[in-house]
Amino acid sequence: MSHIATVETEVKSLHGLAAACRRLKLPSPKNGTHRLFGDQTATGYAVMLPEWCFPVVFDLTAKQVHYDNFNGHWGDEKELDKLKQAYAVEVAKEQARKQGFAVSEKPLADGSIQLVCSK
């Protein structure tokens, strides 16, 4: 039985996803149909996370992410959380800059990231 999870996500920018991968020193997202567990596949942009057995596949059109980490046995969900956080930071910075703001980051003790925007 497969353990593939499909969740809704707001990951809809390839540019933001690629920037998040660069930030975390991950390989660039690869577009196509990708193999998950068994004969399961998912189409979209695949990112291989550290020590994961299968890629995480982002369907930017449907705003979904497909992955199989077998309840943490095939990949630590914290790695996916890091990618989603990096994506959110990169997209927020890009949008702020488009509106004319200078943006700086401040990592916080709890692992979150504070963005400071100023004109």
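Structure notes:
- The set of residues in the stretch 24-36 being more than 11 Å from the chain's Cα centre (by Cα) and in contact (Cβ under 8 Å) with a residue 12 or more places away in the chain consists of Pro27, Lys30, Asn31, Gly32, His34, Arg35, Leu36.
- Candidate set: the stretch 37-57, residues that are closer than 19 Å to Arg23 by Cβ, among the hydrophobic types (A, V, I, L, M, F, W, C) and within 11 Å of the chain's Cα centre (by Cα); chosen: the one most open to solvent (accessible area, probe 1.4 Å): Met48
- Identity of the residue in the stretch 58-73, closer than 21 Å to His15 by Cβ and out of contact with any Ser or Thr (no Cβ under 7 Å at 6 or more places or on another chain), that ends up least open to solvent (accessible area, probe 1.4 Å): Phe58
- You will find that of Lys106, Lys78, the residue that is in a strand (DSSP E or B), of a type in the set (Lys, Arg) and free of Cβ contacts under 8 Å to residues at least 12 places away in the same chain is Lys106 and no other.
- Residues located in the stretch 27-39, provided they are more than 14 Å from Asp59 (Cβ to Cβ) and not in a strand (DSSP E or B): Pro27, Ser28, Phe37, Gly38, Asp39
The values are calculated or read from the model by the stated rules, or taken from the named source; none is laboratory data. Being a predicted model, the structure only gives us computed values, none of them experimental. Glycine gets a Cβ as well: all are built from the backbone with ideal geometry, and neighbour counts include every protein chain shown. Just so you know, the surface numbers come from the protein's heavy atoms only, side chains and all, with ligands and any DNA or RNA stripped out. Shrake-Rupley method; radii C 1.70, N 1.55, O 1.52, S 1.80 Å.
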